[in-house]
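See below for the structure under consideration.
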Number of protein chains: 6
Amino acid sequence: MRILLINPNLTQAITDTVAHAARSAAAPGTEIVAVTGTFGPEVIASRAENAVAAHSALDLAAHHAGGCNAVVLGVSLDSGLGALREFLDIPVVGMSEAGLHVASLLGARIALVTFGARLVPLYEELVRGYGFAGHVIRVAALPFAPADAYTDPVRVRTGLAERCRDLVESDGAEAIVLAGAALAGIGDAIQREVPVPLVDGVKAAVPLAEGLVRLGLPKPRAGSLSHPGARATVGLSSALDALFSGKRFDPPTQ
Amino acid sequence: MRILLINPNLTQAITDTVAHAARSAAAPGTEIVAVTGTFGPEVIASRAENAVAAHSALDLAAHHAGGCNAVVLGVSLDSGLGALREFLDIPVVGMSEAGLHVASLLGARIALVTFGARLVPLYEELVRGYGFAGHVIRVAALPFAPADAYTDPVRVRTGLAERCRDLVESDGAEAIVLAGAALAGIGDAIQREVPVPLVDGVKAAVPLAEGLVRLGLPKPRAGSLSHPGARATVGLSSALDALFSGKRFDPPTQ
Amino acid sequence: MRILLINPNLTQAITDTVAHAARSAAAPGTEIVAVTGTFGPEVIASRAENAVAAHSALDLAAHHAGGCNAVVLGVSLDSGLGALREFLDIPVVGMSEAGLHVASLLGARIALVTFGARLVPLYEELVRGYGFAGHVIRVAALPFAPADAYTDPVRVRTGLAERCRDLVESDGAEAIVLAGAALAGIGDAIQREVPVPLVDGVKAAVPLAEGLVRLGLPKPRAGSLSHPGARATVGLSSALDALFSGKRFDPPTQ
Amino acid sequence: MRILLINPNLTQAITDTVAHAARSAAAPGTEIVAVTGTFGPEVIASRAENAVAAHSALDLAAHHAGGCNAVVLGVSLDSGLGALREFLDIPVVGMSEAGLHVASLLGARIALVTFGARLVPLYEELVRGYGFAGHVIRVAALPFAPADAYTDPVRVRTGLAERCRDLVESDGAEAIVLAGAALAGIGDAIQREVPVPLVDGVKAAVPLAEGLVRLGLPKPRAGSLSHPGARATVGLSSALDALFSGKRFDPPTQ
Amino acid sequence: MRILLINPNLTQAITDTVAHAARSAAAPGTEIVAVTGTFGPEVIASRAENAVAAHSALDLAAHHAGGCNAVVLGVSLDSGLGALREFLDIPVVGMSEAGLHVASLLGARIALVTFGARLVPLYEELVRGYGFAGHVIRVAALPFAPADAYTDPVRVRTGLAERCRDLVESDGAEAIVLAGAALAGIGDAIQREVPVPLVDGVKAAVPLAEGLVRLGLPKPRAGSLSHPGARATVGLSSALDALFSGKRFDPPTQ
Amino acid sequence: MRILLINPNLTQAITDTVAHAARSAAAPGTEIVAVTGTFGPEVIASRAENAVAAHSALDLAAHHAGGCNAVVLGVSLDSGLGALREFLDIPVVGMSEAGLHVASLLGARIALVTFGARLVPLYEELVRGYGFAGHVIRVAALPFAPADAYTDPVRVRTGLAERCRDLVESDGAEAIVLAGAALAGIGDAIQREVPVPLVDGVKAAVPLAEGLVRLGLPKPRAGSLSHPGARATVGLSSALDALFSGKRFDPPTQ
């Protein structure tokens, strides 16, 4: 089975991080094909970057989804998730979406941790949109930027572990989603120091995607996630224009 | 006062329709500057088109917001609304958002009518995201495509009036939002036949935008709608890249 | 255009305060006609005072709505809002309702500040009733009484600015509604000290009312806000009895 | 024990109806003191009538609560409920509130039936405000006016029984609240024809009020339902002015 | 009237505590028949104990409900409430359910206090399931175990009073439900020290049950709480098997 | 990997059905160990049967969870889910829970179909409890009993397919969960006739359980799903008593 892992920003280091995490969670025989955005923002940490990243994610899918059985979005705002699900005939799973689903199978009260206070409302909007508002008790901000995970990893790990313990003790969190592609893989390093499961979105997304492929359920042929049919566009890449024009990818046999 | 009216799809006829509606609702002295997308989808009636349209709306704002006092989004999915509000220093109002606000000042139970069943969940997501879920009793689909409003306007008007009367009688609607740029202006023609107010999103947005300009409140300098600061991008138009790089437009004195 | 500004309590100083704020937000050519209650409570800061104030607001409308194009309720509990909207043929806007609508166009997370802890649940009930519960993150109480705004304005301003900054820093507020007629106009004085917009309910209500007048939408002729028809009463003022008996005011041409 | 039953409208026949129902549900030794409004609307079937009725209910309590152990509101919109609860030192129970509490002890999905479609949104607002929105599956309108219960009782009974059966079969109602003072007592007559309990609000309110008296819990001395202290008023009845001025009634020993 | 008070755990001391509280709230002429579980957990303070206690509660009802007019569940997780209500023809009231109903008739913002942090989510789930989520502002944990109420009652009373005062001052609680069978009766001892009513679940349940008996409403004959008809079982007590097999108890005349 | 599939009722045919479905969805190398209840109800189609089934499910786990890596509940009311998750150190997944998670990854509006109208409220309670209320548009009842799936499978298939098509066309369902152990496996047979994915709960649960095992996240050591420690019981099977007494199973290495 081949899973396309899309990082719609331009930072190869983040792609490498999420690809490493994805591979560590993949079943034997699952290949992770990781791709990085070719236009748009270097990192995705604002509403405007998220908006352009959705276009970028669609563009990457148009170029690379052929020959893949599923897509995982390796961007923690799940940029473009609905659009990809609508346009592709294969399962699409967002990393924060996956983290929330897995966390809700493990704990009754979920917290989500991310980089920086200005992203908190965006994750709250995701949480509400996905329907997890009743279970997510807090979206908490780390006082770090994503880049700190690369430049000062020890400080980020220590700060993250402390924040997580506080979410357990003061807020009663029973499972914690680590939201932020740059946090991928860090959970393993600090899990021992935190008494509740730390759910890595990318790692959670891989078995969900594999499971959906195995179930072999058809994509809806009615409603808002069915394929809208051929649509005319101007000024997009030829690959994305072809996707809008109605090109369909046949997934390979597993 | 000058209001930038953004239609992020490529169809000039829709721009003309929303511009006409906007002008009919503008105060004396308000100039409506209407612009049409230069890349992306011809029409916006799917999740994927909406995703690219958000990029297109940002791009149009980057080119045309200079010298304007406010922005109105003339696309009924309010594509890119949060991103624009974050990046611009002037008020930004979406047309469906505006329609819902105005409707809630006129009736206790709101219905929203749009083109085609596949868009119903997208408007339901908007309604929930804006916080109007408790007041919107139904998002109803007309059995028409947006293009029908141009090719068979009589049938659309008749069908719309019938559907609206049914929403009043069977569902208890007390105000109805007409969602769909192609419906702009049609409300006037059939208002007489429907016993509750028909709220045109574009027309509702113009006085809201004017009012926000008049109130002169500052944009947030903290939180998810404050300006994120200079951000690096690749492959965007030079105008949009400049906006990401931190260029700020000073609105003209009214 | 003429807007009737109703203060249903008996305190002329509050009427003057809200009238001053309303005029500062009115368009050129809009006249603000401010009236004060003739019976009922001196101030409105309890459930019982609010109940009688609703009667008082209806009575004031019955006496003064003739010749006006819209009504703004200059009482922060929006006393009698639904009843006025039902009985009058012209738009009616409550000041806290307006503050919440405007705030939600400016910030993703809204706080509301009022005088005294005992009013917090009443504003929470308003917020829920208007459908803003998903966006209002906190209703916060100032440790002052309304009268302090007149007797010790410096202390109120300083305390308000501090509380607002705390709501931004600790609660993540992105826009703040100042609820309390006695706070009208204070926002301007301290806006510079707070990094998110401070929304004055009365000032917000005026352009909303003007916009509704301009849109010229009809009042619902069905449902809970349509006119109930002639109703018999006993013991009310002759003006209010006439309103109940079915008297209708024709708004003047703008 | 003495319970004051307040009908804040002017129609003695309705007072008689609710008093009869209340007495049928009272424990031996409980006296029902039923009073009728002295000013305001003849019937209460609109938002404006409800607003004035809240004042009327306060006035009746000011005149008659002395010597009583509890108050039951015999008006199905529970007009003035919060204000009475705040001002009086004895328990206050609204009839629709009581109907909803009792129904939720008997069935998992509750319906509420009332007179006329224009009242449906008002009851929906009550239901939401009381927190029963998750359990009330439908507020249904009878095609009758309250007066029909007196002039054409057979037709009302037949129509009510039919509507109730339909709510069970089509909507899955497991308990039905009869909202409307004029419906008081009718439930008994048709209970046999409907397979789920028909909850009469007035009858439900009496044992709730008796139970609260028996529990002897103190009224809150903090928060929005504590007594606000002496408040100045103008133009109210001397009894109501005394209540605002801080007069407290000592309930009799049971 | 005879009320069966079911304590489905094995601890006679808890049965005695709840029976004492129940009797103190019963009307003259009401007999409280208190029974203790014969199998299952000694105390109920986990999800697993709660699951087995539901079976135990059904078993106790099967043995003892004959000759009773109503059932009160004297276990603060209301174990087996829905199952009992479905199987018995007499009213069934849970103690925490009752506490929440009574509290909501007394205060606008409700808090609930229980033993130990690990039970907080279980009560939050009850609160949501009963529909009180909009009114319950906090489920607070005492740093005590239920047994402390017997071994160190002074410390529990002092700690409880402090926590309750804090819930009033910091959280704005207007009524507080004491959840925990071992807390039954403690409210009286500390009510004087807390400015809002302390609602004892068992004491609240008794007059609700008496009221339901007095109202004499039939049990639903349709829906999820109607009797499911005769059902085959294996390995249950003969009394419970008879209940599943369709045995019905006729309540005695009051 | 070994997954314990628990059917807590007494009907071997249902165990066979869910085991067959589970095996069809299992990865190579996953062994499904299916067990049937030894006491309690023959089928589970009422609140009382569900209550006893939770005890039965715990008992089955106590006997059979040793040597297993995960548990799947093969009963569509997910009887005992929270209790099992609390007591076991291995992942536990309910079949309806799993169906809802998978459906929400495939469609924006979810319907759930079950046997008989009296179960509708129970599934609505599950849906709300799991947090899917915003996405589940309808819980629909088939006019069949579970046994019909064995005695008249053609009629059940035909009726199910029709109902599902209607849920797509009339209600806008984009994914449908088949709730009812007796429906396991039927989805495949009719998927071709329905334009949206039919999600079989048991089949959905297996890859979720496998994924959780692969992720290797620890069970919470704090909160309501952590192990409560040794608890005393009376009258339970020795295996279940051992589980309550603190016995822990070490899952085998995968």
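What to note about this one:
- Qualifying residue in segment E:117-126 (condition: touching a Phe, Trp or Tyr at 6+ places or on another chain (Cβ under 7 Å) and more than 14 Å from chain D (Cβ to nearest Cβ)): no
- Boolean, A:G246 is of a type outside the set (S, T, N, Q) and modelled with pLDDT under 95: yes
- Residue match in segment B:237-251 (condition: hydroxyl-bearing (S, T, Y), more than 24 Å from the chain's Cα centre (by Cα) and open to solvent by 50 Å² or more (accessible area, probe 1.4 Å)): yes
- Residues of segment D:137-170 that turn out to be closer than 30 Å to F:P143 by Cα and touching a Phe, Trp or Tyr at 6+ places or on another chain (Cβ under 9 Å), as a count: 5
- Take the conditions (1) within 12 Å of another protein chain (Cβ to nearest Cβ); (2) of a type outside the set (K, R); (3) not in a loop (DSSP other than H, G, I, E, B); D:I6 misses just one of them, which is (1).
- Considering segment B:177-202, and only residues there that are over 24 Å from B:A133 (Cβ atoms) and of a type in the set (D, E, K, R), the residue that is most open to solvent (accessible area, probe 1.4 Å) turns out to be B:R192.
- Strands (runs of 3 or more DSSP E) enclosed by segment F:42-129 - at least 3 residues per element that are within 23 Å of F:K219 (Cα to Cα) and within 14 Å of the chain's Cα centre (by Cα): F:70-73, F:92-94
- Any hit, segment B:51-74, residues being touching a His at 6+ places or on another chain (Cβ under 8 Å), under 30 Å from F:V196 (Cβ atoms) and outside the structural domain of B:L217 (by TED's automatic domain parsing): no
- Looking across segment F:184-198 at every residue that is at the interface with chain A (Cβ under 7 Å from one of its Cβ atoms) and in contact (Cβ under 8 Å) with a residue 12 or more places away in the chain, the one that is farthest from the chain's Cα centre (by Cα) is identified as F:P195.
- Test for C:R118: is it more than 30 Å from A:S46 (Cα to Cα), modelled with pLDDT under 95 and either touching a Ser or Thr at 6+ places or on another chain (Cβ under 8 Å) or of a type outside the set (G, A, S) (or both): yes
- The number of residues in segment E:105-114 being under 24 Å from A:H135 (Cβ atoms) and open to solvent by 10 Å² or more (accessible area, probe 1.4 Å) comes to 1.
- Scanning segment E:4-30 for residues that are of a type in the set (S, T, N, Q) and in contact with a Phe, Trp or Tyr (Cβ under 9 Å, 6 or more places away or on another chain) yields a count of 1.
- Remark: pairs (first residue in segment F:212-231, free of Cβ contacts under 8 Å to residues at least 60 places away in the same chain; second residue basic (K, R); Cβ separation under 7 Å; 6+ apart in sequence or on different chains) = F:L215/A:K203; F:G223/A:R109; F:G223/E:R118.
- Subset of segment C:78-98 (residues that are open to solvent by less than 10 Å² (accessible area, probe 1.4 Å) and within 13 Å of chain D (Cβ to nearest Cβ)): C:D78, C:S79, C:A83, C:L84, C:E86, C:F87, C:L88, C:V92
- Residue that is farthest from the other protein chains (Cβ to nearest Cβ) [pool: residues in segment D:9-31 that are outside any loop (DSSP other than H, G, I, E, B) and open to solvent by less than 20 Å² (accessible area, probe 1.4 Å)]: D:A19
- Test: residue in segment C:226-240 that is farther than 30 Å from B:S224 by Cα and within 9 Å of chain B (Cβ to nearest Cβ): yes
- Any chance D:G159 is open to solvent by less than 30 Å² (accessible area, probe 1.4 Å), more than 12 Å from chain E (Cβ to nearest Cβ), touching a residue at least 24 places away in the same chain (Cβ under 8 Å) and not aliphatic (A, V, I, L, M): no
- Exactly one residue out of A:A54, A:A34, A:A48, A:A61 is within 25 Å of A:D241 (Cα to Cα) and open to solvent by 30 Å² or more (accessible area, probe 1.4 Å), and it is A:A34.
- Single residue of F:G74, F:G134 found to be open to solvent by 30 Å² or more (accessible area, probe 1.4 Å) and closer than 25 Å to F:L208 by Cα: F:G134
For (1) touching an Asp or Glu at 6+ places or on another chain (Cβ under 8 Å); (2) more than 30 Å from C:V196 (Cα to Cα); (3) modelled with pLDDT under 95, each residue gets a yes or a no:
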residue: B:A147; (1), (2), (3): no, yes, yes
residue: B:L167; (1), (2), (3): no, yes, no
residue: B:Q191; (1), (2), (3): no, yes, no
residue: B:V202; (1), (2), (3): no, no, no
residue: B:A209; (1), (2), (3): no, no, no
residue: B:R221; (1), (2), (3): no, no, no
residue: B:S238; (1), (2), (3): no, yes, no
residue: B:Q254; (1), (2), (3): no, no, yes
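- Selection within segment B:137-146: residues that are open to solvent by 40 Å² or more (accessible area, probe 1.4 Å) and closer than 25 Å to D:V120 by Cβ. The member of this set that is farthest from the other protein chains (Cβ to nearest Cβ) is B:R138.
- Summed over segment E:44-58, residues that are at the interface with chain F (Cβ under 7 Å from one of its Cβ atoms), of a type in the set (G, A, S) and closer than 22 Å to E:S238 by Cα total 2.
Per-residue answers, yes or no, for (1) among the charged types (D, E, K, R); (2) not assigned by TED's automatic domain parsing to the domain that holds A:N50:
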| site | (1), (2) |
| --- | --- |
| A:T158 | no, yes |
| A:R165 | yes, yes |
| A:S170 | no, yes |
| A:E174 | yes, yes |
| A:A181 | no, yes |
| A:I186 | no, yes |
| A:V196 | no, yes |
| A:L212 | no, no |
| A:L217 | no, no |
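The values are calculated or read from the model by the stated rules, or taken from the named source; none is laboratory data. Please read all numbers here as calculations on a predicted model, not as lab measurements. Backbone-built Cβ (ideal geometry, glycine too); neighbour counts: all protein chains shown. The accessibility values were calculated without ligands, DNA or RNA, using every heavy atom of the protein model including side chains. Shrake-Rupley method; radii C 1.70, N 1.55, O 1.52, S 1.80 Å.
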